[in-house]
Amino acid sequence: MTKQDLFKQKAARAALDYIKDGMIVGLGTGSTVSFLLDYISEKELDITGVTTSKDTSRKCRALGIRVVDIDMVDHIDVTIDGADEVDAYMNGIKGGGAALLMEKIVANNSKTNIWIVDETKVHSVLGSFPLPIEIISYGSGKLIQNFEEKGYHPVLRLDNAGNPVVTDTGHNIIDLNLHYIDNPQELAEYLESQVGVVEHGLFINIADVVIIGGEQIVTHNRKQ
Ligand SMILES: O=C[C@H](O)[C@H](O)[C@H](O)COP(=O)(O)O
């Protein structure tokens, strides 16, 4: 196991403190959340999960974690998710695993949102990680052209067979290679105004707690 994986594991283990029996828990997507699911199963926590991807649902089924559709619950107590990059203001980029749309819907319906990341993902300014944009396929060439003209260096994400990645909700992904996002809010507003964009991977003012795994665990709390 790499050091980065060990740090992801540490962050995932620390997140268990926020989960109690009987809770409805939003379950994110990705390798860090995968460690969390293992711990939830090992500890036999009696939770009801609301998942953010087919991958997470599959893993929950394999581990015997109960899962229900988001529309079957009247609230979500806490959601625990990974992130691809986190800045000093606890804003982040998500969607490296193409799950950003379902993740944002679950996050927006959760009382508390907790991110679990390893320390390599924390940067003072967002943009090192390419920003995923979920789009409809019709007219995607035009959208790419618009993003090129803005200097965003867009790349349509392809799968191993060279076909456009199709998300769990049936869309495609464009990754923007921005390197330095000086005003995430302004960029989010621009992206939201583009017809054909379903959702973007900028998660602004969403995380309440960020647990960073490193040699030590560091926890940031928005309310502090
Ligand atoms: O679409 C994927 C999600 O936003 C993930 O939470 C993110 O990519 C982090 O994944 P990982 O824990 O594998 O680094």
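Tabulated results
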| read-out | value |
| --- | --- |
| Residue list for the stretch 177-210, restricted to those being among the aromatic types (Phe, Trp, Tyr) and touching a strand residue (DSSP E or B) at 6+ places or on another chain (Cβ under 9 Å) | Phe203 |
| Segments classed as helices (runs of 4 or more DSSP H), wholly inside the stretch 1-99, with at least 3 members that are modelled with pLDDT of 95 or more, surrounded by 20 or more Cβ atoms within 10 Å (Cβ to Cβ) and among the hydrophobic types (A, V, I, L, M, F, W, C) | 3-15, 31-42 |
| Ile144 vs. criteria β-branched (Val, Ile, Thr), outside the structural domain of Val73 (by TED's automatic domain parsing) and in a helix (DSSP H, G or I) | yes |
| Test for Thr51: is it in contact with a Ser or Thr (Cβ under 8 Å, 6 or more places away or on another chain), outside the structural domain of Arg157 (by TED's automatic domain parsing), within 16 Å of the ligand (Cβ to nearest atom) and of a type in the set (S, T, N, Q) | yes |
| Residue list for the stretch 54-71, restricted to those being of a type in the set (Val, Ile, Thr), more than 15 Å from the ligand (Cβ to nearest atom) and within 11 Å of Leu37 (Cα to Cα) | Ile65 |
| Tyr180 aromatic (Phe, Trp, Tyr) and outside any helix (DSSP H, G or I) | yes |
| Tyr152, sole failed condition from (1) closer than 24 Å to Leu36 by Cβ; (2) surrounded by 13 or more Cβ atoms within 10 Å (Cβ to Cβ); (3) away from the ligand (no atom under 12 Å from the Cβ) | (1) |
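The values are calculated or read from the model by the stated rules, or taken from the named source; none is laboratory data. Every value quoted in this text rests on a predicted model; they were computed, and no experiment measured them. Virtual Cβ from ideal backbone geometry, glycine too; neighbours counted across all protein chains shown.
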